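I have placed the structure first, in the form of C-alpha cells, so that the comments after it can refer back to it.
The values are calculated or read from the model by the stated rules, or taken from the named source; none is laboratory data. The structure displayed is predicted, hence computed values, not measured ones. Cβ placement follows ideal geometry from the backbone for every residue including glycine, while neighbour counts extend to all protein chains displayed.
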Amino acid sequence: MPRAGLLVAISLWHGATTAHAQGRAVSRGWRAAVTAAIKVHAPTGSVIVEGWDRDSVDLTGALAEGETVFGGGSAAGLKLGAEGTAVRGASRLVIHVPWRARLTVRSGAAEVEIRGVTGTVDIGAAAGNVMVSGELESVIAESISGTIRIAATTRSVRARTTRGTLDVAGQIAEAQLSSVGGEIHVSGQPLGRLRIETIDGGVHVAGRVAASGSLDIETFGGAVRIELPADQQATLDLRTSSAEITGHVDASAGRSAIPNIQSLITRTGSVVSLVHTLGAPTRAAPPITVRTFRGRITIEAQRQRR
Amino acid sequence: MMRTDDRFSDDVGPDAALQRALDALPTERTLPAQSWEKLQDAMHANAESLAPSDARATVLRLRAARGFTIATLAAVLGVVVLDRHAALRDAPQPLSATPLLGAAERQDPRVLAVLDGMQTWQRAANDPVRAARWPVAARAAIDASLSATERALTEVRGTLARNPDDAVARAALTAIREQQLVLLQRAMALLDEL
C-alpha cells in the first residue's frame, strides 16, 4: 500500500511538472478578411504564422507563466499575440492567418517562423531568429541579434541583421541585405538586382545573375566570395584597398581560356582592382561590383573539374 | 419585608463610626526584611562592574568592533567600486573615437546625426523604464556593433591621415557612418515597439 501511494504521488508530481513545462493551453479565434492587415506580437518563446484558405485567424498553443493572449480589431485589421513578462516556461504559439494577409510580426526574443503566406511580410525581432519561406509578394526582415533565413520566391527582400547571420535563397527579383558583423549568404537561380552592405561580415553569393540583374557588394573588412556559373555573362568591377583578389574564370564562347584571374588584376599601391567582362561581349552582361576596404575578394566562374 | 434605610438605622454611636473610618485608611506598607542590605549589595556590584580596568576593556572591545565594521564596509565598498570599474572598462565605448573627428567630419550632417543618435541611444539604454523590456542580447549586439563600427572608423581615419586622397577610404567612412545611423534608428524603433 505505501508503494502504491508513492507511485501515485510521483505520477501526480510528474503530471504537474509536465503541464507546467508545456505551459497553459490557449485557443482563440477572430474573423478576418482574406487580405486583412494582421499584426502579431510575440515577446518570448516561439511563434509560427502559417497561411490557410479561411477568412479567420486562429491562435493555439501554450503560454508561458506571466504571459497572456490579447487580440482585437476589425476584419480588415487585427492585432493579436502574447503580452506580459514570462516568469517561467516559454510560449509556443501557432497562428493561422488568411494566406493573402498582409502580415507584420514583432518579436522580443521569440523565434519567428512564417510559412504559406503570399502577401507582404514585415518581421522585426530584437533577439529572436527569423525564418521565412514560401512564395511571397515581398519580405522585410530585421533582427538585432538573431539570424534571418529566407527561402522564398519573391519580388523584393529587405533584410538586416546586426550580428546574426543572414541567409537568403530562392528566386528573388530585388534584394537589399545588410549587416554590421553578421555573415551574409545568398544563393538563387536567378539573382535579380542585389545589393549587399556589411562592415565586418563575410559575404558569399552563389548563383546566376539574371541579364537584367546586378550585384553590388560593399564591405569594410568582410571577405567576399562570388560563385557564378561558367557561362555567366557579367561585367566585373572588383576593388579592395588592402587585400587580394583571387579566383578562377572559365573560357566562354568566343574567348580564350583564363586559367587564373591574377593576369587580369591591376595594382596601384595597396589597392588591388579587376575590371573584366565575362562571356561574349555581344550579350547582355549584368554588372558585378565589389568594393571592400580590407576584405579579400574571391570570384569563381568555372565548371566543376572532374 | 420592609427595606431598611441607612438613614433610619439604629444609632451605633461615635466609637463604631470612628472605628470604621480607621479601618478605611490604607494599611501601612513596610519594606521587606533586609531589603536595604540587598539594595546596597546591588549598588556595590554595579560599582565593581564599572571599575577602571573593566571599563577600559569594554572601550577597547567597542573600538575593535567599530574598527571591524568600518573595515568590512570599506572592503564591500572597494569590491563594488572595482566591480563597477571593471564593468565600465569592459563595456563597449561607442563614443570613444569621437574626439578623433576631423574638421570636415564635424561639419558633416550625417556625422552629427550619428552622434545625436548615439547620445539618444545611451540615454534610452540607461532609462530603466524605457529599456525594461529590451532583450539583453539585443542591447549587447547593438553596443558591440557600435564598438565595431567605431574601430573601423578609427582604422579608416588612419588611412586617410596617411593618404588624404584615398577615395575608397573616404567612401568607406561615409558607408560606415550610414550603417551606424541606420543601425541606431532601426534598433530604437524595433526595441520601442516591444
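Key figures
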read-out	value
Selected residue (criterion: nearest to the other protein chains (Cβ to nearest Cβ)) from residues of the range B:110-144 that are closer than 15 Å to B:R186 by Cβ and β-branched (V, I, T)	B:I142
Single unsatisfied condition, A:T235 versus (1) of a type in the set (V, I, T); (2) at pLDDT 85 or above; (3) assigned to a loop (DSSP other than H, G, I, E, B)	(3)
Residue check for B:A189: at pLDDT 85 or above and at the interface with chain A (Cβ under 7 Å from one of its Cβ atoms)	no
Residues satisfying the stated conditions in the range A:70-104, i.e. under 15 Å from A:A32 (Cα atoms), touching a residue at least 24 places away in the same chain (Cβ under 8 Å) and part of a loop (DSSP other than H, G, I, E, B)	A:A75, A:A76, A:W99, A:R100, A:A101
Residue count for the range B:145-179, restricted to those that are within 30 Å of A:T268 (Cα to Cα), facing another protein chain (nearest Cβ under 10 Å) and either touching a residue at least 60 places away in the same chain (Cβ under 8 Å) or not hydroxyl-bearing (S, T, Y) (or both)	18
Residue tally, condition among the β-branched types (V, I, T), over 22 Å from A:L136 (Cα atoms) and surrounded by fewer than 19 Cβ atoms within 10 Å (Cβ to Cβ), over the range A:26-68	3
From the options B:L112, B:L181, B:L146, residue that is farther than 23 Å from A:G222 by Cα, assigned to a helix (DSSP H, G or I) and out of contact with any Ser or Thr (no Cβ under 9 Å at 6 or more places or on another chain)	B:L112
Filter result (within 13 Å of chain B (Cβ to nearest Cβ), of a type in the set (D, E, K, R) and either crowded, with 22+ Cβ neighbours inside 10 Å or closer than 23 Å to A:S145 by Cβ (or both)) within the range A:69-104	A:E83
